[in-house]
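Input: a single structure, listed below in structure tokens.
Taken together, the values in this text are just the output of simple stated rules run on the coordinates, not laboratory data. Owing to the predicted nature of the structure, the values given are computational and were not obtained by experimental measurement. Don't worry about glycine lacking a Cβ; one is built from the backbone with ideal geometry, like all the others, and counts go over all protein chains shown.
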Amino acid sequence: MATYDTTAATDYIRNNTIDNEDFLGADDDRKMALLNVADRTLRQTFPDLDDEVDADADGFPDEAVFQFAAVLGAQYNDTMIQMRRGVSSFGIDGINFTFMDWQQRDLSDFIPQSVYVQLGKSKRGIKFTTL
């Protein structure tokens with residue numbers, strides 16, 4: 001597992017991502033957890049790239065891990081985690097949330113297109129059709 005500087009990650013995410021409030025508002029332990037999960041998911045999703053990484057490097061490009069960690073922060077914030085747990089709707093003091101699509105998704109489904117581009121990979125999958 002790579003070791004990440006949460007200050008560098010925070011600076012990068014603040015200046016290079018749009019949906020970043022959940023990552024920026026997290027404490028350092030939560031930020032490190034998001035970075036570690038992002039790194040691990042990228043390694044599992046792209047094992048061929050993990051083998052190609054220079055032995056002196058810690059892993060995938062930091063920028064790719066940072067961008068993915070920001071997405072994970074937004075997807076696993078206090079509100080969205082309720083959807084992941086199967087809650088279809090809830091309300092707090094007159095503010096109501098209803099989730100339309102609460103099916104379970106794999107972490108790799110949240111890897112943003114920008115990370116695929118950085119890694120030189122295609123997000124497209126093979127789709128089979130029957131004629």
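Here is how the numbers come out for the structure above:
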read-out: Environment charge at Tyr12 (Cβ cut-off 13 Å; Lys +1, Arg +1, Asp -1, Glu -1); value: -2
read-out: Lys121/Leu24 FRET efficiency (R0 22 Å; Cβ-Cβ; nearest 0.05); value: 0.20
read-out: Sorted by Cβ neighbour density within 10 Å, fewest at the top, the residues Phe60, Phe99, Phe68, Phe90; value: Phe90, Phe99, Phe60, Phe68
